[in-house]
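Read-outs throughout are calculated quantities, based only on the coordinates presented, and are distinct from any laboratory measurement. All of these numbers come straight from a predicted model, not from anything done at the bench. Quick reminder, even Gly has a Cβ in these numbers, built from the backbone with ideal geometry, and neighbours come from all protein chains shown.
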Amino acid sequence: MKIRDFFCSQTELIFVYMKTNWATAFKPLLAKYKGKLHPLEYKNVYQLLVMVILSAQDSDKNINRIAPALFEAFPDMKSLAKTDAEGLYPFISKVRGFAKKAKWLMEMARTIKTDKNIPLSMEELTQLPGIGRKSANVIMREAKVKAEGIIVDLHVVRVAPRLGIASGTDPKKIEKQMMDMLPEKDWGEAGMALSFLGREICRPTDPKHDACVMKKVCAFNKERE
């Protein structure tokens, strides 16, 4: 299947990007997904932070599978800070890149020390090992604190250019373009809503155009028609 079957031309993307009132266009999407929990099955912010770090380059499903035993052994930041690689490996060995992630978790836990010290700002979260802007945005959204950016995961990287609200494949540039187009009050939900749309409707192949709440403004759908 040719690339043009998936993406609009740059000219069309720029046209849609400039002409669409994205704040209005996103209302049906936000209404559909606002408040829906992230697929990671966490029980508190400590678990969320650990699971977000482990989920990099791995599936949420796999992290959910190993999480119960991990958190039974290490129920809080204090207990995690006391372990070493030998103690942690048996619980995360089925996670992709587990050795590197174990190092990140131990360094993070020894820095934070207790659950009450878990930071919830973009600046502080991104100083932790294994946490970039995307992960920080996820944590802040799930913790229900004021958004400082927009979640851009692999699904958003695919869906945003299809819609026409952004172009390219660089997550940071896509995030910036979306922040420019959407009101700050919608930042916290917009990225996760697009991610859910990508998971459920706007799949890499055979997207379900007829079921998409964004079809009327979608550049990809307009090209198809």
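Here are the numbers for this structure:
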read-out	value
Per-pair calculated FRET efficiency, R0 = 25 Å: LYS185 and ALA31 via Cβ, rounded to 0.05	0.95
Among [x] 18.0; [y] 18.5; [z] 20.4, the entry that matches Kirkwood radius over Cα pairs in Å as calculated here	[y]
Extension gain (nm, one decimal) between LYS176 and THR126, 0.36 nm per residue minus Cα-Cα	16.3 nm
Nearest-ten-degree value, helix 45-55 long axis tilted from longest Cα axis of the chain	70 degrees
Label-point separation, GLU41 to LYS222 (7 Å along Cα→Cβ), nm	4.2 nm
Computed [θ] at 222 nm, deg cm²/dmol, the chain (DSSP H ≥ 4; -39,500 (n - 2.57); rounded to nearest 500)	-16500 deg cm²/dmol
Relative contact order (%) - segment 45-142, alpha-carbon pairs under 8 angstrom, separation at least six	32 percent
Debye equation applied to the C-alpha atoms of segment 8-119, log10 I(q)/I(0) at 0.11, 0.12, 0.14, 0.20 Å⁻¹	-0.50, -0.55, -0.65, -0.97
Potential extension, GLN57-ALA73 segment - 0.36 nm per residue separation minus Cα distance	3.4 nm
Helix 171-181 vs. the chain, principal-axis angle (Cα, 0 to 90°, nearest 10)	60 degrees
Rounded if a/c under 1.5, otherwise prolate or oblate - segment 108-163, Cα gyration tensor axes	prolate
Rel. contact order, % - alpha carbon contacts under 8 angstrom, at least six apart, the chain	25 percent
Alpha-carbon centroid distance for the pair segment 155-183 / segment 105-143, whole angstrom	24 Å
